[in-house]
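See below for the structure under consideration.
The values are calculated or read from the model by the stated rules, or taken from the named source; none is laboratory data. Predicted, not measured: the structure shown is a model, and the values here were computed from it. As a convention, Cβ positions derive from the backbone with ideal geometry for all residues, glycine included, and neighbour counts pool all protein chains shown. Accessible surface is based on the protein model in full, side chains and every heavy atom, while ligands, DNA and RNA are left aside. Shrake-Rupley method; radii C 1.70, N 1.55, O 1.52, S 1.80 Å.
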Amino acid sequence: SVDARYRFDWATLVSLSAYQNKENNFDIESSYALAAQLGEAGIEAGRAKRDVEARGLMQEFRLVSPDGGDWTWQGGVFYSDFSAKIRSDIYLTAAELVQPVLNALPAALRDIFVTEDGISLGSATIDPTSAEEAALFGEITRDFGSVNLTVGGRYYQTQVSGTNTTAGLLPFVTNRRTKTVDTLDVEGKGFSPKVAVSWEATDDVL
């Protein structure tokens, strides 16, 4: 992140910039989720895996009035962009239990049920998921001595989109479909008002 500021005679220009890039991976033994007896007996029959790749950037510019005086104010623009790719899978490690059944299926179905990790009971892939937001904001404060009155607001627009694909043996058995693809595309906008009154009862009490 970078916080850069330039002071004019009449205001200070503030630039806030941030970027993040994260990866998260886990692969855990999950036989207990298939049958408690398997876990209690120490028999590994299934695992759960999840891989997440996410990135985000944010930029804000704002002008802030100098301290002091009866009137103070600030206003600016904000933008953020976040995206993520998420894949999760619950798969059998004791593949020999169901492999004879899968061998009898057409190759196209086997390609859906069998992954690089094993035989998939259920997998979900969200690729990509993205969220964008842009906003204008501002506020102004009047100092009446021991009482301050602030009025402001924020206008924003957001968009969230992504595609979720589910597959595996369990979705096939319950839905009778080899794959399910759901597409998300949501837009929103609105205005958030702000009104605040503060009273400085004494030099030590606000």
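Some points to look at:
- Region 79-107, residues that are acidic (Asp, Glu) and either modelled with pLDDT of 80 or more or in a strand (DSSP E or B) (or both): Asp81, Asp89
- Residue check for Thr178: surrounded by fewer than 12 Cβ atoms within 10 Å (Cβ to Cβ), at pLDDT below 95 and of a type outside the set (Phe, Trp, Tyr): no
- Single residue of region 194-206 satisfying the filter (open to solvent by 100 Å² or more (accessible area, probe 1.4 Å) and over 14 Å from Arg142 (Cβ atoms)) that is farthest from the chain's Cα centre (by Cα): Asp203
- Restricting region 128-153 to residues that are open to solvent by 70 Å² or more (accessible area, probe 1.4 Å) and of a type outside the set (A, V, I, L, M, F, W, C) leaves a set whose member that is modelled with the highest pLDDT is Glu132.
- Taking the criterion of being touching an Asp or Glu at 6+ places or on another chain (Cβ under 6 Å) and of a type in the set (Asp, Glu), the residues of region 45-70 that qualify are Glu53, Asp70.
- Looking at region 1-78, the strands (runs of 3 or more DSSP E) lying wholly inside it that each contain 2 or more residues that are surrounded by fewer than 16 Cβ atoms within 10 Å (Cβ to Cβ) and polar (S, T, N, Q) sit at 12-29.
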